[in-house]
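Quick notes on the structure that follows.
No value in this document is a laboratory result; all are computed from the given coordinates. As the structure is a computational prediction, the values presented were derived from the model and not from experiment. Cβ: placed from backbone, ideal geometry, glycine included. Neighbour counts: every protein chain shown.
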Amino acid sequence: MPSTPRYGLFPTEIDGRPGWVTVSMDWLARPDPSKATWLHIRFPFQPADAQGLPTPGAMEVINQVEDMIVPMLEEKLKAQHVGSISSGGARNVYFYAPSDRGMADALRLVAAQFPAAAPGGIGRSDPQHQLFAELLEPDLGQFEFMKNAWVLEQLEQAGDDHAAPRMIEHFASFPTAEGREQFAGELPELDLALGEDAFFTEARDGAEAFIVKFTQHAGVEIFALSDLTAQLAQNAIDAGGEYEGWETEPVAKQ
């Protein structure tokens with residue numbers, strides 16, 4: 001199984017405009033309480049599309065600028081890059097650090113290298129990491145999008161045709177048989193099917209887990225799939241359990 005990626009990607013909306021968020025999986029799992037200063041670095045990108053999002057050409061420049069900013073601030077300020085947002089013709093890059101001392105000097109070096117994307121920056125005290133929660137932390141649906149994007153990337157590397165219908169197996173687990181029954185009863189409304197071996201149990205951490213396996217025959221388009229898995233995740237939570245994800249075999253491109 002491939003290792004978990006360092007960053008997740010999901011869509012968002014900022015002031016009525018679409019955007020894309022890149023978030024650090026390391027920070028999500030292990031926020032560092034010693035880094036209590038929020039750093040916000042912003043620089044423009046061109047060209048942008050009609051929605052204010054970067055074109056492929058703009059993404060090349062964004063990556064070059066970020067590839068200079070991130071290691072520089074990590075070294076000079078002991079900062080940790082926690083995420084970025086592209087929206088409205090600008091890239092916003094976020095860090096937590098012990099302080100913002102030295103940030104302006106570092107950004108002047110970046111501006112000299114990339115004058116068309118000269119960055120500006122501000123630092124704010126944020127010991128509770130509230131700004132991360134407000135701007136970068138994914139909600140349930142966005143978290144499902146990130147997980148699905150990661151799996152689809154592995155399928156893409158295997159030559160998968162995402163549009164091709166195929167059998168997809170989904171799994172959810174519950175601490176009680178009653179919770180599993182509640183969840184399973186909602187599956188037909190989502191056009192999901194239970195097979196003969198749909199219900200089974202496993203020993204997990206010294207307790208019995210009640211598992212349900214269910215299937216669909218469909219392609220693996222990221223937005224439709226993520227809408228479905230977000231609903232499954234919420235249904236599982238409502239029934240006291242957890243939606244564990246899906247698996248399928250790659251379908252070769254013709």
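At a threshold of 8 angstrom on Cα-Cα distance, excluding pairs fewer than six apart, so keeping six or more, what relative contact order does the range 140-247 reach in percent? It comes to 42 percent, rounded to a whole number.
I need the calculated FRET efficiency for the pair Arg108 and Ala158, taking r as the beta carbon distance and R₀ as 30 Å, to the nearest 0.05.
0.10
For the chain, averaging the sequence separation of C-alpha pairs within contact (under 8 Å, six or more residues apart) and dividing by the residue count gives a relative contact order of 19 percent. One Cα centroid belongs to the range 190-232, the other to the range 1-75; the line between them spans 32 Å.
As a proxy for reagent exposure, Trp27, Trp150 were ordered by neighbouring Cβ count within 10 angstrom, fewest first; the result is Trp150, Trp27.
With respect to the chain, whose longest principal axis is taken over its alpha-carbon atoms, helix 140-157 is tilted by about 90°.
To the nearest 0.05, how large is the calculated FRET efficiency for Ala36 and Glu75 if R₀ is 22 Å and r is the Cβ-Cβ distance?
Efficiency computed from Cβ-Cβ geometry: 0.70.
Cross-link reach is defined here as a Cα-Cα straight distance under 24 Å, omitting same-chain residues fewer than 8 places apart; for Lys76 the lysines meeting it are Lys35.
In this simple spin-label model, placing a label point 7 Å from the Cα along the Cα-to-Cβ direction at both Glu221 and Leu194 gives a separation of 3.0 nm. Cross-link reach is defined here as a Cα-Cα straight distance under 25 Å, omitting same-chain residues fewer than 8 places apart; for Lys253 the lysines meeting it are Lys147. Taken over the Cα atoms of the range 140-247, the convex hull encloses 106 Å³ per residue. Just to confirm the number: angle between the C-alpha axis of helix 103-113 and the first principal axis of the chain, 0 to 90 degrees, nearest 10? For 103-113 against the chain, the angle is about 90 degrees. How much net charge surrounds Leu39 when only other residues with a Cβ under 13 Å from its Cβ are counted (Lys, Arg +1; Asp, Glu -1)? In short, +3.
All Cα-Cα distances of the range 7-135, cut into 10 Å bins from zero to the largest, leave 13, 45, 35, 7, 0 percent in each bin in turn. For Cα Rg over 2.2 N^0.38 Å, one of [x] 0.93; [y] 1.19; [z] 1.24 was computed from the structure I shared and the rest are decoys. Which label? Checked against the structure: label [y]. Projecting label points 7 angstrom from Cα along Cα→Cβ for Gln234 and Arg124 puts them 2.9 nm apart. Near Val82, once Lys and Arg are set to +1 and Asp and Glu to -1 for all other residues with Cβ below 12 Å from its Cβ, the sum equals -2.
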